[in-house]
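Inspection log for the structure reproduced underneath, given as structure tokens.
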């Protein structure tokens, strides 16, 4: 019986002084940042009346503008869908090239990941400005900007999902002489399809608000 009790007791983690040091540094940094930026929650409550006025105005919209808003609303949804689909398809193809369980050449994956990281740093407004300069103002520029923006967001999620799949099916198909396309179709796609679908749907719900700013 004593042995059973000993087995049930979990080992205690040793106290590390560096954990305490980093905690103090982070808390101190938080308070210093609040002081430097003059960010105080009290300001929010001081201007609460303005928030209440805006909320009241938003809760009583003028429906007479619906004839003007409705076509633009449909256009916004179309842009979000097209941008998400294009970006997700390109991101899936690109993620296969940077997943190290698919492409074994570290030099190739390293260069492609570096390019991916650069694309991920470009904000959506700058993408919109770039494509407006290329194709002009309109939905086309918005769709292209959303496609690149979507690519930058989901490509990292895609290749990480691919790298975490069970290597067993890939090894089995490789052992029987399957080529890369057969491995991707028969093993990789079947295991990551639901992950890719949910990530793409989540991204689409996020980018619906972006065309309003871009166009």
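The values are calculated or read from the model by the stated rules, or taken from the named source; none is laboratory data. In this text the structure is predicted, and so the values were computed from the model without any measurement. FYI the Cβ positions are ideal-geometry reconstructions off the backbone, even for glycines, and counts take in every protein chain you see.
Answer with yes or no whether residue 155 is over 19 Å from residue 199 (Cα atoms) and within 25 Å of the chain's Cα centre (by Cα).
Here the answer is no, as residue 155 does not meet what is asked.
Collect the residues in the range 148-174 that are in contact (Cβ under 8 Å) with a residue 24 or more places away in the chain and over 16 Å from residue 115 (Cα atoms), keeping them in residue-number order.
Of everything in the range 148-174, those that are in contact (Cβ under 8 Å) with a residue 24 or more places away in the chain and over 16 Å from residue 115 (Cα atoms) turn out to be 161, 162, 163, 165, 166, 167, 170.
Hey, could you check the range 39-67 for residues that are over 30 Å from residue 29 (Cβ atoms) and outside any helix (DSSP H, G or I) and say which is modelled with the highest pLDDT?
For the range 39-67, the residue satisfying everything is 59.
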